[in-house]
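J.: Sending over a structure as structure tokens; questions will come in a sec.
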Amino acid sequence: MSTEEVGRKIRYEKMRALNANKIAVGHHEDDLAETVLLNMCRGTGIHGMVGIAPVQDDIIRPLIYLSRKDIEDYLNEIGQEYCTDSTNSSTDYTRNKLRLDVIPQLSNNVNEKTVRHIAAMAGDMYEVEEFIEDEADRKYKECLISEEGGEIKISLSKFKALKPLIIREIILKIMEKLTPRRKDISRVHVDMIVGICYADGEKKLDLPYGLEVRKSYEELAFSVETGIVEKTKETIIKVPSITRGEGWTLELGKNRFLTMRVMSAKGKLDIPNNTYTKWFDYDKIDWSKLCLRHRQAGDYLVINSKGSRKSLQDYMVDEKIERSKRDSVLLLADGDHILWVIGYRISEYYKISEESTRILEVEITEQ
């Protein structure tokens, strides 16, 4: 978890220990607008357009439609001191870049009421989401064959006859029933399930939290293999070819995001010394083969400037990566050649040199 997420988790645990009916938190209109924009930039559906819901289980947000300025003006009027988190002014966080750079640009150059209009739209989307959820509940009951013993079966023919939006919503609802946290299920997973619905023959998917989805000719079955936190080694995500000025972002789950961007290698370069930010020589990559996946037989890295190779298996043994965790380590791969064992090292072959003209930056962030 990120530092912010850990702090939030602990605060809520302490508050719930007081046995109060509700927990009121101080999110305001500016927070709501930032969240909507952040979700839009990363790729979102209707749920992301809601931003921060006014009511979410036992959490209520009574200030959500007041601006930060409204709140500060009131506090100043009554002489009440308040604290400001020092990290709010740091552009190290993606959200702060929106707060400090993007939103002021929109407010100053597009519409001075940008924040208010985004927040109003989010309020409308909250109502739209409620309507869609009600419709999805009704259609789910019509498609349901059985719901017992940790397994849910639905009629494939009835399911495929529904509108695409309702299909995706039902998938999210089923996954929420079977897994501990809906936010850890990304659009990629939903699209994978939709894909097998229309594929020929019988199919099977292994997804986060040990969730297994099986498609037969007449049924779509969802079940959970207990005791497994994550089982995604069969998932392969193709990385689209990107050029300078473009970017690509993928939600990895658990509120983690992978972002790629391309930039020029000209001038003085300050190569990042960060476990989760790496630079690669763009022109050495075969983009037709670049993908995110888990390990496969034959994987290797180049471990020194002489071009010496080491198998991924041997590297994991040398790094003392536990056997039970090796299948879950995410890899950025160019065919069998591993660019980056994410969280560990990159291949020497793809490192930036004086001859490099373009740089591919890959960054893992948590929000």
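The values are calculated or read from the model by the stated rules, or taken from the named source; none is laboratory data. Keep in mind it's a predicted model, so treat the numbers as computed, not measured. Here the Cβ positions follow ideal geometry from the backbone for every residue, glycine too, while neighbour counts run over all protein chains shown.
J.: Restricting attention to region 4-27, does a residue exist that is under 21 Å from VAL115 (Cβ atoms) and among the hydroxyl-bearing types (Ser, Thr, Tyr)?
T.: no
J.: If you don't mind, another one. Considering each residue of region 45-89, count those that are within 30 Å of VAL188 (Cβ to Cβ), part of a loop (DSSP other than H, G, I, E, B) and either out of contact with any strand residue (DSSP E or B) (no Cβ under 8 Å at 6 or more places or on another chain) or in the same structural domain as VAL190 (by TED's automatic domain parsing) (or both), and give that number.
T.: Number satisfying all stated conditions: 6.
J.: Can you list the helices (runs of 4 or more DSSP H) lying wholly within region 91-200 that have 2 or more residues being under 30 Å from MET260 (Cβ atoms)?
T.: Values: elements: 94-97, 103-109, 114-143, 156-160, 164-178, 187-197.
By residue number, 94-97, 103-109, 114-143, 164-178, 187-197.
J.: Restricting to region 26-41, count the residues that are surrounded by 17 or more Cβ atoms within 10 Å (Cβ to Cβ) and over 24 Å from THR84 (Cβ atoms). Lay out the reasoning, then the answer.
T.: Step one: filter region 26-41 for residues surrounded by 17 or more Cβ atoms within 10 Å (Cβ to Cβ), giving 27-39.
Adding the requirement that they be over 24 Å from THR84 (Cβ atoms) leaves 39.
Result for region 26-41: 1.
J.: While we're looking at this one, here's another question. So which pairs qualify, if the first residue must be in region 349-367 and farther than 28 Å from ARG42 by Cβ and in contact (Cβ under 8 Å) with a residue 40 or more places away in the chain, the second must be among the acidic types (Asp, Glu) and crowded, with 17+ Cβ neighbours inside 10 Å, the Cβ gap must be under 8 Å, and the two must be at least 6 apart or on different chains?
T.: Close Cβ pairs (under 8 Å, with a partner that is among the acidic types (Asp, Glu) and crowded, with 17+ Cβ neighbours inside 10 Å) amount to LYS351/ASP281; SER353/ASP281; SER356/ASP281.
J.: Continuing with the same structure: Are any of the residues in region 59-67 over 23 Å from MET121 (Cβ atoms), more than 15 Å from the chain's Cα centre (by Cα), modelled with pLDDT of 80 or more and surrounded by fewer than 16 Cβ atoms within 10 Å (Cβ to Cβ)? Even if it seems obvious, please write down each step before you answer.
T.: Initially, region 59-67 is screened for residues over 23 Å from MET121 (Cβ atoms), giving none.
No, that holds for no residue.
J.: Here is a further query. Can you tell me which residue within region 106-146, out of those that are surrounded by fewer than 15 Cβ atoms within 10 Å (Cβ to Cβ), more than 27 Å from LEU37 (Cα to Cα) and not hydrophobic (A, V, I, L, M, F, W, C), is nearest to the chain's Cα centre (by Cα)?
T.: Among residues in region 106-146 that are surrounded by fewer than 15 Cβ atoms within 10 Å (Cβ to Cβ), more than 27 Å from LEU37 (Cα to Cα) and not hydrophobic (A, V, I, L, M, F, W, C), the one nearest to the chain's Cα centre (by Cα) is ASP137.
J.: Do you know which of the residues in region 267-294 that are among the acidic types (Asp, Glu) and in contact (Cβ under 8 Å) with a residue 12 or more places away in the chain is nearest to SER356 (Cα to Cα)? Lay out the reasoning, then the answer.
T.: Of all residues in region 267-294, those among the acidic types (Asp, Glu) come to 270, 281, 283, 286.
Subset that is in contact (Cβ under 8 Å) with a residue 12 or more places away in the chain: 281, 283, 286.
Details: ASP281: 6, ASP283: 8, ASP286: 15 Å.
Out of the qualifying residues, it is ASP281.
J.: Can I ask one more? With the requirement that a residue be loosely packed, with under 13 Cβ neighbours inside 10 Å and either in contact with a helix residue (DSSP H, G or I) (Cβ under 8 Å, 6 or more places away or on another chain) or modelled with pLDDT of 95 or more (or both), what does region 147-156 give you? Let's see the steps before the verdict.
T.: Initial filter on region 147-156 (loosely packed, with under 13 Cβ neighbours inside 10 Å): 148-150.
Listed by number, the list holds a single entry, GLY150.
J.: Out of region 229-243, which residues are at pLDDT below 70 and surrounded by fewer than 16 Cβ atoms within 10 Å (Cβ to Cβ)? Let's see the steps before the verdict.
T.: Initial filter on region 229-243 (at pLDDT below 70): 229-235.
Answer for region 229-243, where residues must be at pLDDT below 70 and surrounded by fewer than 16 Cβ atoms within 10 Å (Cβ to Cβ): VAL229, GLU234.
J.: Further question: Looking at ASN88, is it touching a Gly at 6+ places or on another chain (Cβ under 8 Å) and either crowded, with 16+ Cβ neighbours inside 10 Å or at pLDDT below 85 (or both)? Give the steps one after another, and end with the answer.
T.: Values: touching a Gly at 6+ places or on another chain (Cβ under 8 Å): no; either crowded, with 16+ Cβ neighbours inside 10 Å or at pLDDT below 85 (or both): yes.
In short, no.
J.: Could I ask something else about it? Just one of (1) closer than 24 Å to ILE71 by Cα; (2) assigned to a helix (DSSP H, G or I) trips up HIS27, so point out which.
T.: (2)
J.: For a quick check of your reading of the model, give me the residue pairs whose first member lies in region 317-328 and is in contact (Cβ under 8 Å) with a residue 12 or more places away in the chain and under 19 Å from ARG293 (Cβ atoms), whose second is assigned to a helix (DSSP H, G or I) and not β-branched (Val, Ile, Thr), with beta-carbon atoms closer than 8 Å and at least 6 apart or on different chains.
T.: ARG326/MET316
J.: Considering only region 248-279, state which residues are assigned to a strand (DSSP E or B), farther than 21 Å from LEU207 by Cα, under 23 Å from the mean Cα position of the chain (by Cα) and of a type outside the set (Lys, Arg). Can you show your working first?
T.: Narrowing region 248-279 to residues assigned to a strand (DSSP E or B): 248-253, 256-264, 274, 277-279.
Okay, now just the ones that are also farther than 21 Å from LEU207 by Cα, so 248, 259-264, 274, 277-279.
Filter once more, keeping what is under 23 Å from the mean Cα position of the chain (by Cα): 248, 259-262, 274, 277-279.
Those that are assigned to a strand (DSSP E or B), farther than 21 Å from LEU207 by Cα, under 23 Å from the mean Cα position of the chain (by Cα) and of a type outside the set (Lys, Arg): TRP248, THR259, MET260, VAL262, ASN274, THR277, TRP279.
J.: Please name all residue pairs, on different chains or six or more residues apart, with Cβ atoms under 8 Å, provided the first residue is in region 100-129 and is in contact (Cβ under 8 Å) with a residue 12 or more places away in the chain and assigned by TED's automatic domain parsing to the domain that holds ASN88 and the second residue is crowded, with 16+ Cβ neighbours inside 10 Å and of a type in the set (Asp, Glu).
T.: ILE103/ASP30; ILE103/GLU34; VAL115/GLU29; VAL115/ASP30; ARG116/GLU29; ALA119/GLU29
J.: Being among the β-branched types (Val, Ile, Thr) and either surrounded by fewer than 17 Cβ atoms within 10 Å (Cβ to Cβ) or at pLDDT below 80 (or both) is the filter here; which residues of region 197-228 pass it? Please lay out each step first, then the result.
T.: Pass one, region 197-228, residues among the β-branched types (Val, Ile, Thr): 213, 224, 226, 228.
VAL224, THR226, ILE228 - these are the residues of region 197-228 that are among the β-branched types (Val, Ile, Thr) and either surrounded by fewer than 17 Cβ atoms within 10 Å (Cβ to Cβ) or at pLDDT below 80 (or both).
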